[in-house]
Amino acid sequence: MLAMVNMLRRRLRSEFLKTKGMYRSITYILEERARRAGDATGERRISMDEWRRTNDEEFMRMALELAREAADRDEAPVGAIVVISDRVAGRGRNSPIAMSDPTAHAEILALREAAAAMANYRLPGATMYATLEPCVMCAGALVAARIDRLVFGARDLRFGGVRSKFRLADSEVLNHRMEIAEGVLGAECAELLKSFFEARR
């Protein structure tokens, strides 16, 4: 059932700009079906927004674990995962020092792993979860990969390429725009970064 709902939602997203009204109507129908299913089984009914919020937090906790692994290796604590159809397709943690690679940011590594897993350089229907707002390089890679949705925890006030300094991920001048949600477990993500850098001053 969940896989069917996700498939329908991906199809609806692709038509979203052309048929906003239809998207809202069908989303409402799917939500009502979920509510009725909850009534039939005696389970607590939840809205699609609440379901998505719970999912976002669950996946962000996975990204936070990767960020902690990066910190344990003396890398800036940033973690990222790519999720497709509610399954983790790619994982990454900041590794530019260990890999001697300036492009080895968590988001880039997660994209590489997901693309290899899907055997496709584009990842339609995918959601990226990152503990820190992506930089300009990573935001550009997300656009190139055709990621549908970006969820990030804390803003990067110095180098953020999505909200803080630039708005690459949903810029009208580019040929792809993604949905963006920020602040998911933002306090935890920010505290991890703060404590990491304070310990090294």
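The gain in end-to-end length when the residue 146 to residue 120 segment is fully stretched comes to 8.3 nm, 0.36 nm per residue minus the alpha carbon separation. Taking the accessible area of segment 79-198, probe 1.4 Å, and keeping the other protein chains in place, the carbon and sulfur fraction comes to 55%.
Count Lys and Arg as plus one, Asp and Glu as minus one, and take only other residues whose Cβ is under 13 Å from that of residue 191; the net charge is then 0.
The protection proxy used here, the mean number of other Cβ atoms lying within 10 Å of each residue, ranks peptides 67-77, 144-154, 111-121 as follows, highest first: 144-154, 67-77, 111-121. What does the net charge come to around residue 92 if you take all other residues with beta carbon closer than 10 Å to its beta carbon, with K and R at +1 and D and E at -1? Local charge sum for residue 92: +1.
Coupling constants for segment 176-192 follow from the phi torsions by the Karplus curve (6.51 cos²θ - 1.76 cosθ + 1.60, θ = phi - 60°), and in residue order they are 9, 10, 10, 6, 10, 10, 10, x, 6, 6, x, 5, 5, 5, 5, 5, 4 Hz; glycine and proline get x. Were the residues from residue 181 through residue 103 laid out at 0.36 nm apart, the gain over their Cα-Cα distance would be 25.7 nm.
The values are calculated or read from the model by the stated rules, or taken from the named source; none is laboratory data. Computed from a predicted model, the values in this text were never measured in an experiment. Cβ sites come from the backbone with ideal geometry, for glycine too, and all protein chains shown count toward neighbours. Keep in mind that these areas ignore ligands, DNA and RNA; they rest on the heavy atoms of the full protein, side chains included. Shrake-Rupley method; radii C 1.70, N 1.55, O 1.52, S 1.80 Å.
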